[in-house]
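Written out below as structure tokens is the structure these notes cover.
The values are calculated or read from the model by the stated rules, or taken from the named source; none is laboratory data. Small disclaimer: the values here were computed from a predicted structure and weren't measured. With ideal geometry, Cβ positions are generated from the backbone for all residues, glycine too; neighbour counts draw on all protein chains shown.
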Amino acid sequence: SNSSSDGDSYKVGIDVTYPPFEYQEDGEYKGIDIDLIHAIAEDQGFDIELEAMDFSGIIPAMEAGQLDIAIAGMSITDERKETVDFSEPYFEAGLSLVVAKGNTEVTSLEDLTEKTVVVKSGTTGADFAEDNKDEYGFDIVQVKDSPSMFQEVSNGSADALIEDYPVITYAIAQSDLELEVVGERLNGDHYGIAVLKGEYDELLAKINDGLANLKESGQYDEIINKYLE
Ligand code: GLN
């Protein structure tokens, strides 16, 4: 591994509404993704500059040339692969249906007829809701970030939300959110680090090499264990 920078600096899009992967605390960005991208950059000898934004703005900002890299708890999907290239997967996630604690009425997707489901714009949760709303007969409300989504369900404005399992279970465990996960995960997916498709083959190879080095050295596990037990 290589501790000096080669002088290249890359702009990295992040979503700081997404603990334990990305959040802001005491004016600093923290979380699994933040530590991972810093460790990869250090291992591979490049510099990074973090740019926080709404999740839905990240891929458009990459396409506009305003970002070089995205690490944002971003799920690897075939649709996104039309626009971005992903690193090797670095975390297993998947979507969960979530309701207010003690809600005995909604115990599965089948119970969502004429209910309101809140989702975060631009996410796989939003896509899942869009793909299933006709079959189950629910309405969708979109918000810009995860805390607003949690708020809509805990204050009763929406009946359910769809969020990544590791994110919602962490949020419930860490705060006094009156929410609970319903049933099994709705799908399975993995997070990947993204670069604009076809433009960054060398950088993507470095990201993958760095990730592999962190896994081999044990630093990857240290980062995960720092935030999750
Ligand atoms: N993993 C989900 C997605 O890729 C949500 C990401 C997020 O909200 N930061 O769409």
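So here's what we get for this one:
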| item | result |
| --- | --- |
| Hits in region 62-84 - residues which are buried (at least 16 other Cβ atoms within 10 Å of the Cβ) and over 22 Å from Asp164 (Cα atoms) | Met62, Leu67, Asp68 |
| Some residue of region 178-199 being over 21 Å from the mean Cα position of the chain (by Cα) and closer than 23 Å to Ala39 by Cα | yes |
| Tally, over region 136-166, of residues that are in contact with a helix residue (DSSP H, G or I) (Cβ under 8 Å, 6 or more places away or on another chain) and of a type outside the set (Gly, Ala, Ser) | 15 |
| Where Gly122 falls short, out of the listed (1) crowded, with 17+ Cβ neighbours inside 10 Å; (2) modelled with pLDDT of 95 or more; (3) on the phi < 0 side of the Ramachandran plot; (4) not assigned by TED's automatic domain parsing to the domain that holds Asp78 | (3) |
| Enumerated helices (runs of 4 or more DSSP H) restricted to region 146-229, each holding at least 3 residues that are in the same structural domain as Pro19 (by TED's automatic domain parsing), modelled with pLDDT of 95 or more and surrounded by 16 or more Cβ atoms within 10 Å (Cβ to Cβ) | 201-217, 219-227 |
| Any hit, region 26-40, residues being under 23 Å from Asn187 (Cα atoms) and modelled with pLDDT of 95 or more | yes |
